[in-house]
1. Where in region 36-106 are there trypsin sites (Lys or Arg not before Pro) that are in a DSSP coil and have at most 15 other Cβ atoms within 10 angstrom of their Cβ?
2. By count of other Cβ within 10 Å, fewest leading, how are 58, 114 ordered?
3. Going by how many other Cβ atoms sit within 10 Å of their own, how do 9, 143 line up, fewest first?
Amino acid sequence: MIITPAEPHDVAKLLTFRQEAATWIRGRGSDQWSRPYPADKLLATVEAGTVFMLRDGHTTAGTITLTPDAEDGLWTADELAEPSMFVNKLTVTREYAGRQLGARLLDWAGDRAHRAGARWVRLDAWTTNTALQRYYLGQGFAHVRTVWEGTAVNGGPRVSGWLAQRAARPTEHGFTDRTPAPARLPFAA
């Protein structure tokens, strides 16, 4: 399998992935991703070069967003002073479920973050999705805290405030990486 940067024409596929994941998650009792995601916001992240696609021939098996930018209001100033990269929107299509692709994408993210000079790979997960939280703990992430205060962009309480991190490190993820070398983080040692 090959990992490549997402391109603007991938936005429709990414929105379909999110809808498919939301339906599957809803069937497991969670309201995660129940609100539609704005296509223009997704396109902006694609154009920023932070969205990556996992391709198996002509089929897209999964996606991950990896960015040096933290979501506002989640991490402390001291934490933000540490070189870190942030995982968002990790999705594997149901067709490829059960093949450890999510774990391998997290390993790829940790390897890329390490090459960028990051100390940490961090993420925020849905505060009420305990199955997802257990998944990340099983992937070597440590729970930092849960942020409940603040509001979501669309109004209402923060819904994705379960914070976790693991060390960025070189990892053998097994993908053919066709992404450009990551930019060094400005405060990386």
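1. Listed in order of number, the matching sites are 99.
2. Working: 58 5, 114 19.
Result, fewest neighbours first: 58, 114.
3. By the 10 Å Cβ count, ascending, the order reads 9, 143.
Every number here is computed from the coordinates shown, using simple stated rules; none is lab data. Note that the coordinates shown come from a computational prediction; the quantities given were computed from them, not determined experimentally. Glycine gets a Cβ as well: all are built from the backbone with ideal geometry, and neighbour counts include every protein chain shown.
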